[in-house]
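The values are calculated or read from the model by the stated rules, or taken from the named source; none is laboratory data. Keep in mind it's a predicted model, so treat the numbers as computed, not measured. Neighbour counts run over all protein chains shown; Cβ positions are idealised from the backbone, glycine included. What goes into the accessible areas is simple: the full protein's heavy atoms, side chains included, and nothing from ligands, DNA or RNA. Shrake-Rupley method; radii C 1.70, N 1.55, O 1.52, S 1.80 Å.
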Amino acid sequence: METSATLGRENQVGSPENILRRAGSVPEYTTFPPMDELTARFEKLRGEHPQLISVQRIGASRLGDALEMYSIGDGPLSHLVVGGVHPNEPIGAWTALHLLEQLATDDDLRTGLGARWNIVPCIDPDGTRLNEGWFANPGDRGSYARAFYRPAPNEQVEWTFPFSYKKAYFDAMMPETQALARAIDLTKPDLYVALHNAEMGGVYYYLTRDVPELYDLLAAVPESLGLPLDKGEPEGGHLKELAQAIFITGSLEEVYDWVESLGGDPFPPGSGGNASSDYALRYGTLSLIAELPYWKHPDADNTAPTDESYSALLARTGAVFLDFGTELIELLAEAEPLLTIDTPFLRGSRAFVPMMKATGESNIARSRQPEAQRPATVAERFGCEDLVHMFRLRFGGMLLRAFEAEVNAGTAPAELRRITERMLSLYTGWQREAADDDNAEVIPISSLVGVQYGAILAGAAYFAGTLT
């Protein structure tokens, strides 16, 4: 039975109960917005609330799109939310728009968390446009992978901040990166949320420092929306888990040392730089990332042991990475003398294709470590096996798009056309294998936006002191 105290707490803007309610009240979305639509929606909202919402230009993309930051609220705290940090991750487009809509139309929300909110709809519009081919049909994994684009590491806005460590050095900040740095410098955020998302499995989080007050609520948000936490393979063996499916971001120096310890090249040609969250540390900023999948799978949070050792799992999937990575390297090398168009797909392929083989070598090296001599969990097995499908479809598809750009432009000689046909045949086989293993469920976009939105509110409530 609800008491008056319970009802009062549920109505308190920054209470966990209120945040969960708001996370579950996101409107239904069935597609992702192309850049022009996203820009128009933000401008329409500003036109409807000119006394509340202001906008300032923070830069321009390399192809001339204006990069703008919308601001609302007048509290003493400062929060920065940025979409499009990776252009194949568009969940944040709806999240950023929904957040601004709620702040503009809900006086309690706008005033109750004591903050000035600053929202960048998309920091990489050029890259986002190259993903728009799958935005109208986001539930189809085949469509997604075939129209997928991920910039080369040294062209990723999120990871092109200055970095110098051992043999690594990077200072080639792009115009978009400079704009993001400008947004951070202007706002000096208490809370910074870069709107990322993953692809398959469950929900997991990154924080730049240990904040135990947030852990229960961050776990409760996806649970309330029917999404599992991802309890399988972390993105890197160097990552420290703060709580289940919540990791501390760590530093690029730690990544460098970890790769180096496995015998790999920690700074190969085409590497990027540091992350925006590291740049924001100069202001004492807490950065929060909610990584969300488009598809969920029942094995993503299953921690039961399997009859395969973790060592054998790493060695087995590492061998597959070595095999297809070598195939892609050989196809690209064969095509290189015939390629004349410097497309983003080609630049990305030159960076990512060698990484597939390197991932295989890393997995095999990890399989020999003493800590790998234990049973693998169901979630770890799923994570490792699905990573094979994900990377083959993602980066095989990008290489195919690079070849097809020449064919479609009419500049491909006969030999490059034959290489393109071979690549298409190889890729079609990988698509079939992935489809045969696929029993994942498409997650409603509103639930994904709800998790990001709820995580943002949780972070803001932590600073407002309303979580307890």
| Fraction of antiparallel bridges per DSSP, the chain only, in percent to nearest 5 | 55 percent
| said: Computing the accessible area with a 1.4 Å probe over protein heavy atoms, can you report the carbon and sulfur percentage for region 263-394? | reply: 55 percent
| note | At 4 °C and 1.567 mPa s, the Stokes-Einstein diffusion coefficient in µm²/s for the chain, with hydrodynamic radius from the Kirkwood sum on alpha carbon pairs, is 56 µm²/s
| query | Packing-wise, with mean Cβ within 10 Å as the measure, how do 43-55, 389-401 rank, highest first? | reply | 389-401, 43-55
| Residue-span extension gain [Ala172 to Thr340] - 0.36 nm each, minus C-alpha spacing | 58.0 nm
| task | With viscosity set to 0.692 mPa s and temperature to 37 °C, compute the Stokes-Einstein D of region 270-393, Rh being the Kirkwood radius across alpha carbon pairs; µm²/s, no decimals. | result | 191 µm²/s
| Net charge of Cβ neighbours under 12 Å - reference Ser61; Lys, Arg +1; Asp, Glu -1 | -3
| remark: P(r) over all Cα-Cα pairs of region 372-468, 5 Å bins from 0 to the longest distance, whole percent per bin, short to long, reads 2, 10, 12, 11, 11, 12, 12, 11, 8, 6, 3, 2, 1, 0
| query | In square nanometres, what is one fourth of the surface area of the convex hull spanned by the alpha carbons of region 329-399? | reply | 5.6 nm²
| message | Rolling a 1.4 Å sphere over the protein heavy atoms, what is the accessible area per residue of the chain, to the nearest Å²? | response | 40 Å²
| request: Rounded, prolate or oblate: pick one for region 165-240, where a ≥ b ≥ c are the square roots of the eigenvalues of its C-alpha gyration tensor, a/c under 1.5 means rounded, and failing that, prolate if a/b is larger than b/c, else oblate. | output: prolate
| field | Ellipticity estimate at 222 nm from DSSP helix runs (n ≥ 4, -39,500 (n - 2.57)) divided over the chain, nearest 500 | value | -15500 deg cm²/dmol
| task | Along Cα→Cβ, 7 Å out, is where each label goes; now give me the distance between the ones at Tyr283 and Ala60 in nm to one decimal. | result | 2.5 nm
| task | Using only Cα atoms, locate the centre of region 400-431 and the centre of region 316-355, then give the distance between them in Å, rounded to an integer. | result | 13 Å
| task | Would you work out if region 222-319 is rounded, prolate or oblate? Take a ≥ b ≥ c from the square roots of the eigenvalues of the alpha-carbon gyration tensor; rounded if a/c is under 1.5, else prolate when a/b is larger than b/c, oblate otherwise. | result | oblate
| query | Roughly speaking, what is the stretch gain from Asn439 to Glu43, that is 0.36 nm per residue apart minus the C-alpha to C-alpha distance, in nm to one decimal? | reply | 138.6 nm
| Leaving out ligands, DNA and RNA, what percent of the accessible area of region 1-120 is carbon and sulfur, probe 1.4 Å? | 49 percent
| request: Order the peptides 137-146, 197-206, 331-340, 447-456 from the highest to the lowest mean number of other Cβ atoms within 10 Å of their residues. | output: 447-456, 197-206, 137-146, 331-340
| task | Subtract the Cα-Cα distance of His238 and Glu415 from 0.36 nm times their separation in residues, and report this length gain in nm to one decimal. | result | 59.4 nm
| note | Semi-axes (Å, rounded, descending) of the ellipsoid equivalent to region 61-161 per its C-alpha gyration tensor are 29, 17, 10
